[in-house]
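Q: Pasting a structure here, questions to come.
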Amino acid sequence: GENVEQHPSTLSVQEGDSAVIKCTYSDSASNYFPWYKQELGKGPQLIIDIRSNVGEKKDQRIAVTLNKTAKHFSLHITETQPEDSAVYFCAASINTPLVFGKGTRLSVIA
Amino acid sequence: GAVVSQHPSRVICKSGTSVKIECRSLDFQATTMFWYRQFPKQSLMLMATSNEGSKATYEQGVEKDKFLINHASLTLSTLTVTSAHPEDSSFYICSAIPSSGGKYYEQYFGPGTRLTVT
């Protein structure tokens with residue numbers, strides 16, 4: 001089955017700097033790669049996703065890139081703000097239940 | 001749109017009792033819902049896939065007699081933790097896929113239910 005690795009497990013950045021979180025997946029047939037933000041005590045919220053026919057997608061300060069050959073995808077957050085502090089999860093799917101990475105705890109220091 | 005609710009948001013029960021958690025899709029119909037479990041500082045672990053009108057599909061290692069799932073309508077799935085024990089204490093999260101989309105890439109999550117078994 002699919003296996004998703006996520007790095008780093010924790011990330012601290014200064015407010016205004018960029019943050020990058022990387023994930024790799026094992027099943028080359030996976031075709032959907034969402035990113036979720038989870039705040040303490042809440043459910044995950046979808047922040048951006050990308051499908052395998054696209055290499056990059058951007059939504060304001062958030063972007064995701066996908067390298068199908070290398071089987072990795074990354075989340076990029078620019079101009080980070082304190083409210084970006086949360087746990088971020090990547091996931092992969094091949095029209096099956098999502099397989100999640102272990103999460104990255106992002107701390108944005110004001 | 002695409003809002004999923006869970007009730008209760010948190011529950012405390014005594015060891016040996018049963019607890020029911022509801023997951024509702026508020027503004028869409030969901031043929032398929034999922035139940036996840038999350039321990040502190042860990043990732044989401046899929047417990048089971050709930051399909052309206054049929055039996056749930058459980059992931060390996062999940063006791064189906066302990067975690068009863070009922071998907072009675074297109075907007076409601078319930079998870080009942082039977083004979084709960086302290087080790088069942090966890091954060092339970094559901095998600096739902098709109099029937100109209102039918103793809104796993106349209107999965108919306110509920111806010112979660114914190115279960116504490118004393």
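Q: Pairs of alpha-carbon atoms within less than 8 angstrom and 6+ residues apart define the contacts here; what relative contact order does chain B have, in percent?
A: 37
Q: Select from A:W35, A:A70, A:A19 the residue farthest towards the positive end of the dipole of region A:1-104; place +1 on Cβ of Lys and Arg, -1 on Cβ of Asp and Glu, and compute about the Cα centre.
A: The Cα lying farthest towards the positive end belongs to A:A70.
Q: Looking at the square roots a ≥ b ≥ c of the eigenvalues of the Cα gyration tensor of region A:23-88, which shape do they give, rounded for a/c under 1.5, prolate if a/b is larger than b/c, or oblate?
A: prolate
Q: Which residues of region A:34-59 bury at least 30 Å² of accessible area once all protein chains are present, versus their chain alone (1.4 Å probe)?
A: Buried by the other chains: A:Y36, A:Q38, A:G41, A:G43, A:P44, A:R51.
Q: Place a +1 charge on the Cβ of each Lys and Arg in chain A and a -1 charge on the Cβ of each Asp and Glu, then give the dipole magnitude about the Cα centre in debye, rounded to the nearest 20.
A: 260
Q: Could you order B:I69, B:I93 so the one with the most accessible surface comes first? Probe is 1.4 Å.
A: B:I69, B:I93
Q: Here's a follow-up. Give me, ordered by chain and number, the residues 5 or more places off B:E106 or on other chains with an amide H under 5 Å from its own placed amide H.
A: none
Q: Okay, moving on. Cut-off under 17 Å on the C-alpha distance; same-chain residues fewer than 8 positions from A:K68 excluded. Which aspartates and glutamates are left, in chain and number order?
A: A:E2, A:E5, A:D27, A:D49, A:E56
Q: Let me ask you something else. Just read off the accessible area of A:R105 with the full protein assembly in place, 1.4 Å probe, to the nearest 10 Å².
A: 100
Q: What is the set of long-range amide H partners of A:S26 at a cut-off below 5 Å, with H atoms built 1.01 Å from backbone N?
A: Sorted by chain and number, the residues that satisfy this are A:N3.
Q: With +1 on each Lys and Arg Cβ and -1 on each Asp and Glu Cβ, and nothing else charged, work out how big the dipole of region B:1-83 is about its Cα centre, in Debye to the nearest 20.
A: My answer is approximately 300 debye.
Q: Moving on. Whole angstrom only: what separates the Cα centroid of region B:62-114 from the Cα centroid of region A:53-110?
A: 25
Q: Using a basic spin-label model with each label point 7 Å from the Cα along Cα→Cβ, how many nm lie between B:T116 and B:A2?
A: Distance between label points: 3.4 nm.
Q: I've got another one for you. B:T80 versus A:R51, label points 7 Å from Cα toward the beta carbon: distance in nm?
A: Going from the B:T80 label point to the A:R51 one covers 4.0 nm.
Q: Between B:F39 and B:E87, what length comes free when the chain is fully extended (0.36 nm per residue of separation minus the Cα-Cα distance, one decimal in nm)?
A: Full-extension gain reported as 16.2 nm.
The values are calculated or read from the model by the stated rules, or taken from the named source; none is laboratory data. Being a predicted model, the structure only gives us computed values, none of them experimental. Cβ coordinates were reconstructed from backbone atoms using ideal geometry, including for glycine residues, and neighbour counts include every protein chain displayed. Keep in mind that these areas ignore ligands, DNA and RNA; they rest on the heavy atoms of the full protein, side chains included. Shrake-Rupley method; radii C 1.70, N 1.55, O 1.52, S 1.80 Å.
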